[in-house]
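Structure record follows, encoded as structure tokens.
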Amino acid sequence: MRRNGKFYAAGFALKQMPELVAKVVCDSADSDSDQLRYRVGIDAESWIDGRQRIADEDWVAMGRDLTDAEYNRLFYERFGIALK
């Protein structure tokens, strides 16, 4: 949970406006598209793109017993998001 908190804190630091999310939600509700997922914000781009670049085994391995420094380094390398 502590690491999840760091991820969300990094997102809050980007100071993205909630209106951006509201616009995407409204636009998707009004759309005739069958699209299920929408990217909203810089952190979503980094997160989704980074996840697609790594193997499932590497994703699972990030849950192993790593120090915070090791985890933060891997997270930055893979997702471009600095955790503190």
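The values are calculated or read from the model by the stated rules, or taken from the named source; none is laboratory data. Please read these numbers as outputs of a predicted model, since none were measured by experiment. Using ideal geometry, Cβ is built from the backbone for each residue, glycine included, and neighbour counts are taken over all protein chains shown.
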| message | Filter region 39-63 down to the residues that are among the β-branched types (Val, Ile, Thr) and either in a helix (DSSP H, G or I) or over 13 Å from the mean Cα position of the chain (by Cα) (or both) and list them by number. | response | 42, 48, 54, 60
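Let's see how each residue does on (1) of a type in the set (A, V, I, L, M); (2) under 23 Å from residue 6 (Cβ atoms):
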position: 25; (1), (2): yes, no
position: 35; (1), (2): no, no
position: 42; (1), (2): yes, yes
position: 47; (1), (2): no, yes
position: 53; (1), (2): no, yes
position: 78; (1), (2): no, yes
position: 81; (1), (2): yes, yes
| task | For region 28-62, enumerate the residues that are farther than 10 Å from residue 78 by Cα and among the small types (Gly, Ala, Ser). | result | 28, 29, 31, 33, 41, 44, 55, 61
| request: Look through 36, 83, 66 and report the one residue that is in contact with a Lys or Arg (Cβ under 8 Å, 6 or more places away or on another chain), modelled with pLDDT of 85 or more and either hydroxyl-bearing (Ser, Thr, Tyr) or not in a helix (DSSP H, G or I) (or both). | output: 83
| request: Considering each of 22, 55, 61, 9 in turn, give the residue that is of a type outside the set (Lys, Arg) and either surrounded by 14 or more Cβ atoms within 10 Å (Cβ to Cβ) or at pLDDT below 90 (or both). | output: 9
